[in-house]
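Presented below is the structure to which this report refers.
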């Protein structure tokens with residue numbers, strides 16, 4: 001398993017547009033068996049920050065998913081909304097617990 005936290009910074013007025021694009025990405029990941037979680041969350045304090053949390057069975061499948069037409073199109077649409085480059089933290093799980 002491998003995970004990623006990606007912090008996206010936009011202008012406050014562009015955050016909802018970015019959330020809509022990330023929501024499309026999340027929906028498209030339902031079809032990818034090795035994507036176990038794709039969550040989009042808003043920073044509760046900073047109105048310019050949105051965070052995507054992803055959990056994948058392996059990094060190679062994650063990397064391959066970014067090469068698909070849907071991902072590429074969403075990235076092209078999202079880039080003009082960015083006030084700063086996205087910051088990604090790669091996670092390797094120590095303990096994984098799934099709850100209903």
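The values are calculated or read from the model by the stated rules, or taken from the named source; none is laboratory data. Fair warning: this is a prediction, and the values are worked out from it, not measured in the lab. Counting neighbours? That spans all protein chains shown, and the Cβs are built from the backbone with ideal geometry, glycine included.
If only residues of segment 26-51 that are outside any strand (DSSP E or B) and in contact with a strand residue (DSSP E or B) (Cβ under 7 Å, 6 or more places away or on another chain) are counted, the one that is farthest from residue 15 (Cα to Cα) is 34. Each residue in segment 8-18 was checked for being crowded, with 16+ Cβ neighbours inside 10 Å and under 26 Å from residue 36 (Cα atoms), and 4 pass. Of all residues in segment 54-73, how many are within 12 Å of the chain's Cα centre (by Cα) and exposed (fewer than 15 other Cβ atoms within 10 Å of the Cβ)? Final tally of qualifying residues: 1.
Restricting to segment 52-100, name every residue that is touching a helix residue (DSSP H, G or I) at 6+ places or on another chain (Cβ under 6 Å), within 29 Å of residue 11 (Cα to Cα) and not in a helix (DSSP H, G or I). Within segment 52-100, just 52 meets the criteria.
Taking segment 1-24 as the range and being closer than 22 Å to residue 93 by Cβ and under 13 Å from the mean Cα position of the chain (by Cα) as the test, the residues that pass are 3, 4, 5, 6, 7.
Looking across 78, 84, one residue alone is surrounded by 14 or more Cβ atoms within 10 Å (Cβ to Cβ) and modelled with pLDDT of 90 or more. It is 78.
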